[in-house]
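A quick write-up on the structure given underneath.
Readers should treat all values here as calculations from the given coordinates under stated rules, not as data from a laboratory. What you see is a predicted model; the values in this text were computed from it and never measured. Backbone-built Cβ (ideal geometry, glycine too); neighbour counts: all protein chains shown.
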Amino acid sequence: MQRILLSLALLLSDPSLAARWGSPELAGLVTHEAMDEISGLAASRTHPGRYWAINDSGNTAQLHLMDDRGRHQASVDVVGAKNVDWEDLASFELDGRNYLLVSDTGDNGGIRQDLALHVFEEPSDLTGPATLAWTVRFRWPDGPRDCEAAAVDPVRGEILLVSKKRVPAQLFRVPLKNDGSEAVAEKLGTLSGIQQPDAGDLARSPLYGRYRAQITAADLSPNGRVLAVLSYRSIHFLVRGRDESWKRALAASLPHLSLPWIPQAEALAFSLDGQEMFIASEQLPSPLFRYRVEMKAKAAD
């Protein structure tokens, strides 16, 4: 399995160490019928060691809590938002409160004009509903597109969005909070270097091979400097320097990890400390894969 060197300073805080993502481990198997079409995953801040999941369109508007082995812990209804086409999930802390952002941005037909990013207070009481805190409504600057990848940077006050079907994939941002008016997503640039299907992919699967490079999820590392972007075949990393903008970071090549075989990988989440990364599938039963950061002194590398 290909491994990738990233400075541990990008994930944690110690510049004297380097980090290496290890080989993927099968952490568990998602089998509970409540999580039958996982399209988003996020680490819980209120329930450490647990992960929230959402289902795709056609499912109820619920948040599902599972442990790090994929075992269902609870399902929580939400109040104030419908599941039109929920595609990604992010957790973040703002002003001392824990929140979950649901990205209602799926658009397979490329026709949606009403896009919503719903922010809920993360529920501590798993017997009651999740409360809607606010909704960011927005539109794309140049017409509809499908989007299944969202991440939140509360320090910069922005939501990062990555388009799915455009080649190359495009990176946008919208404000985390606004005055209630419709926002217009700002295009930051394109993600070059996303490995596209080759002749072998198309020969093995003429129907689905062409989709393997489409972007299905994203998450931001705890320090806000590594944007992990998931496709059906790999995880790419957009890395920015301490004072670097995402626009400038896009000029660099994107290192990546190849995924093990997993049907329809559509959910990705960093752990709260950034030392683990989980991948889940939209099919049931869903293997839950874990990557761990392996630490070594730079001298050893």
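Indicate the gyration tensor shape class of the stretch 94-172 (rounded, prolate or oblate), computed on the Cα atoms with a ≥ b ≥ c the square roots of the eigenvalues: a/c under 1.5 is rounded; otherwise a/b larger than b/c is prolate and the rest oblate.
Numbers: a/c = 2.52, a/b = 1.82, b/c = 1.39.
Prolate.
Using a 10 Å cut-off on Cβ atoms, rank the peptides 225-236, 66-77, 250-261, 270-281 from the highest mean neighbour count down. Walk me through the numbers before you get to the answer.
Numbers: 225-236: 23.0, 66-77: 17.0, 250-261: 14.8, 270-281: 20.8.
Descending packing order for the listed peptides: 225-236, 270-281, 66-77, 250-261.
Counting pairs of Cα atoms in the stretch 29-92, how many percent are more than 17 Å apart? List each step's numbers first, then the result.
On the way: 646 of 2016 pairs.
The share of Cα pairs beyond 17 Å in the stretch 29-92 comes to 32 percent.
Note down the nm distance, to one decimal, between modelled labels 7 Å out along Cα→Cβ at Lys82 and at Asp67.
For Lys82 paired with Asp67, the spin-label model returns 3.7 nm.
Kindly provide log₁₀ I(q)/I(0) values, in the same order as q = 0.09, 0.10, 0.20 Å⁻¹, from the Debye equation applied to equal alpha-carbon scatterers of the stretch 118-270.
Rounded to two decimals, the profile gives -0.32, -0.40, -1.30.
Calculated from DSSP H runs of 4 or more alone, at -39500 (n - 2.57) each and per residue, what is the 222 nm mean residue ellipticity of the chain, nearest 500? Spell out each step's value before the answer.
On the way: 3 runs with 14 residues, N = 301.
Rounded to the nearest 500, it is -1000 deg cm²/dmol.
Quick check: pseudo-label points 7 Å beyond the Cα along Cα→Cβ at Thr60 and Arg139, how many nm apart are they?
Output for this residue pair reads 3.5 nm.
For the chain, what does the alpha-carbon gyration tensor say about shape, rounded, prolate or oblate, given a ≥ b ≥ c as the root eigenvalues, a/c under 1.5 as rounded, and a/b over b/c as prolate? List each step's numbers first, then the result.
Details: a/c = 1.20, a/b = 1.16, b/c = 1.03.
Taking the square roots of the gyration eigenvalues as a ≥ b ≥ c, the chain is rounded.
Considering only lysines 8 or more places apart in sequence, or on different chains, count the pairs in the chain whose C-alpha atoms sit under 30 Å apart.
Qualifying lysine pairs in the chain: 14.
What's the ranking of 148-156, 182-190, 214-222 by average number of surrounding C-beta atoms within 10 Å, highest first?
On the way: 148-156: 22.4, 182-190: 16.7, 214-222: 24.1.
Sorting 148-156, 182-190, 214-222 by mean packing, highest first, produces 214-222, 148-156, 182-190.
For a test of the definition: using alpha carbon positions, the gyration tensor, and the 1.5 limit on a/c, classify the stretch 122-165 as rounded, prolate or oblate. Intermediate values should be presented prior to the final figure.
Numbers: a/c = 2.40, a/b = 1.97, b/c = 1.21.
Prolate.
Distance in nm between label sites at Ala252 and Leu132, each 7 Å beyond Cα in the beta-carbon direction?
The two pseudo-label positions are separated by 4.0 nm.
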